[in-house]
């Protein structure tokens, strides 16, 4: 077992820049282990940019660079001796639009494990991952069929299963339910509650009720006068939605703003 | 606000303006249709022109009467009869030479019959007619032949025969074939694709997936696009300077122990063609790679894939149909190009099959060009036959590439 630190990951003055423009400014949050932390805020405030900084997906954006620290068990994930591939291996990601590989359902799960050198029983891993993502019963008879034949909600759960299969410590979710209907959304939320028993989850959402229902902690983001986004308030979800400290947070969560 | 509604035409004014709009529309529709019609007429004329030359009446005489060699009617001669006749009437040197090329005892009846006609009877074509003339003016042609060439036989002939495909070049049009040229063209396509496909895809992958977006890459990109439009003769000059001359030791095979050759080999020509189609391959592969959705790359990176794993397992398989489209264009170009081959030094008269990359060669377009420049009309007819062969090859190779592409598309 890993060192039992209550925080899975934390940021210290983490800023994200595109060329000379600062998109996200000096974020300081501590994400608790095996909890769901939601990031909320109006469009364009840098929620997704911040989330992508956690597993270094921004490395692929030309001109994007990061200052400050992103600490996982005391290790800065942006330090020179950390390989971004290892970061993504330990911090999995589920994207806004379901994006399964154009392969069979089985291959979708197995590929990530295989390229990461998984040596155990692949069938077992596929079954376990699909079960953890509450998809096994629906697909167990058609594992060799194309993942594209699944519905949007099923595809998204497949993407979650794919992420679980590589056994990450943290799962990032970028508005995972925004492209889904209410029933599929509900299933994803139920699944998140199930997953937090084993994983730390960081989720970006537009949906205020979703954040209030599903998360334990909430980071409220807002853009400042320089159009840079920043976390203006970070606390337990209960507090953010009932007794926010910041007037802007209160306006936003009550729907008077944004 | 003013009532803007009053400014729109109503009633009769509306209908008269509507009629005018419909009139303009129908004029344009006619123009579009005419454009299509012109294209169809052009293509039909092309095909008709080729077919017109490849089939038709031909009047020929025998220089020596077959009856002087045998008493058996010509169409009843057996293999053994023919072999005996050839042995008896050819000079022993000529017979031995033929026997060395392929033992007489192993040759087929039709092969021996061709030799009989070519070497002993010596067919001599007097006149040929196009397909159109042959069909519509048959009577006049028969009368003309009877008057002008009383000893000649008149026959409706297809210059495109199975034999035409399997025999090499000959100085007599009646016995010439495209075998050497077809094989040469296939070698060219093979070498060009083997060079251009991996290099082109590699360059495209580097440009799309690895290269930083800066002024240097954008200059390179612009140059690749421009190179695709450079006249092919320029590539021929390049091939002559680089592959035929500078790299002669390699392209002639001297470095590999081949001694009886110079730089004007099928390898030099194939590589020249490869360079020629390279920009085409790169641009097509780039477009195909660009069309692979970013979400797929992110999915792969998201589960901890390296860049190479992402490219190799996801980007390339999904770009394959587009890459194959580029290959189709490259094949067509390689088959049809003539100018660079002339510069690089394709042989115009060669009867030996290309057997290795270091062989001398000829190609179908070269052969066609060569035949059309001869004064004898029967060579024009076999040139038309060779064009049909070229078109058929083009269709076959393209169809294969398209089938492959559809196969890969369905797998996704």
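A few points about this structure:
- In the set (1) more than 13 Å from chain B (Cβ to nearest Cβ); (2) touching a residue at least 40 places away in the same chain (Cβ under 8 Å); (3) touching a strand residue (DSSP E or B) at 6+ places or on another chain (Cβ under 7 Å); (4) farther than 21 Å from residue A:214 by Cα, the condition left unmet by residue A:166 is number (1).
- Being part of a helix (DSSP H, G or I) and surrounded by 16 or more Cβ atoms within 10 Å (Cβ to Cβ) is a property that residue B:398 has.
- Selection within the stretch B:122-141 - more than 22 Å from residue B:63 (Cβ to Cβ) and either touching a residue at least 12 places away in the same chain (Cβ under 8 Å) or buried (at least 16 other Cβ atoms within 10 Å of the Cβ) (or both): B:130, B:131, B:132, B:133, B:134, B:138, B:141
- Some residue of the stretch B:52-65 being out of contact with any helix residue (DSSP H, G or I) (no Cβ under 9 Å at 6 or more places or on another chain) and part of a helix (DSSP H, G or I): no
- Of the helices (runs of 4 or more DSSP H) lying entirely inside the stretch B:212-309, those carrying at least 1 residues that are under 30 Å from residue A:165 (Cβ atoms) and within 14 Å of another protein chain (Cβ to nearest Cβ) are B:294-302.
- Boolean, residue B:343 is over 26 Å from residue B:240 (Cβ atoms) and either in a helix (DSSP H, G or I) or in contact with a helix residue (DSSP H, G or I) (Cβ under 6 Å, 6 or more places away or on another chain) (or both): no
- Filtering the stretch A:53-66 to residues that are surrounded by 24 or more Cβ atoms within 10 Å (Cβ to Cβ) and in contact with a helix residue (DSSP H, G or I) (Cβ under 8 Å, 6 or more places away or on another chain) leaves A:55, A:57.
- Those strands (runs of 3 or more DSSP E) lying entirely in the stretch A:1-98 with at least 3 residues farther than 29 Å from residue A:177 by Cβ: A:7-18, A:21-27, A:64-72
- Residue in the stretch B:184-201 that is modelled with pLDDT of 85 or more and in a loop (DSSP other than H, G, I, E, B) present: no
- When residues of the stretch B:353-375 are limited to those that are touching a helix residue (DSSP H, G or I) at 6+ places or on another chain (Cβ under 7 Å) and in a loop (DSSP other than H, G, I, E, B), the one farthest from residue B:260 (Cα to Cα): B:363
- Flag if residue B:141 is touching a strand residue (DSSP E or B) at 6+ places or on another chain (Cβ under 9 Å) and modelled with pLDDT of 85 or more: yes
- Here A:41, A:92 are screened, and the one residue that is within 14 Å of another protein chain (Cβ to nearest Cβ), in contact with a helix residue (DSSP H, G or I) (Cβ under 7 Å, 6 or more places away or on another chain) and buried (at least 21 other Cβ atoms within 10 Å of the Cβ) is A:92.
- One residue stands out in the stretch B:310-334 among those that are under 15 Å from residue B:204 (Cα atoms) and more than 14 Å from chain A (Cβ to nearest Cβ): the one that is nearest to the chain's Cα centre (by Cα), namely B:327.
- Residue match in the stretch A:172-186 (condition: at pLDDT below 95, more than 12 Å from chain B (Cβ to nearest Cβ) and closer than 25 Å to residue A:124 by Cβ): no
- Matching residues in the stretch B:106-121 - criterion: being surrounded by fewer than 12 Cβ atoms within 10 Å (Cβ to Cβ) and outside any helix (DSSP H, G or I): B:108
- Yes/no for residue A:201 being more than 14 Å from every other protein chain (Cβ to nearest Cβ) and closer than 24 Å to residue A:72 by Cα: yes
- Any chance residue A:103 is within 12 Å of chain B (Cβ to nearest Cβ) and either buried (at least 19 other Cβ atoms within 10 Å of the Cβ) or more than 16 Å from the chain's Cα centre (by Cα) (or both): yes
The values are calculated or read from the model by the stated rules, or taken from the named source; none is laboratory data. Since the model is a prediction, treat every value here as computed from it, not as a measurement. Virtual Cβ from ideal backbone geometry, glycine too; neighbours counted across all protein chains shown.
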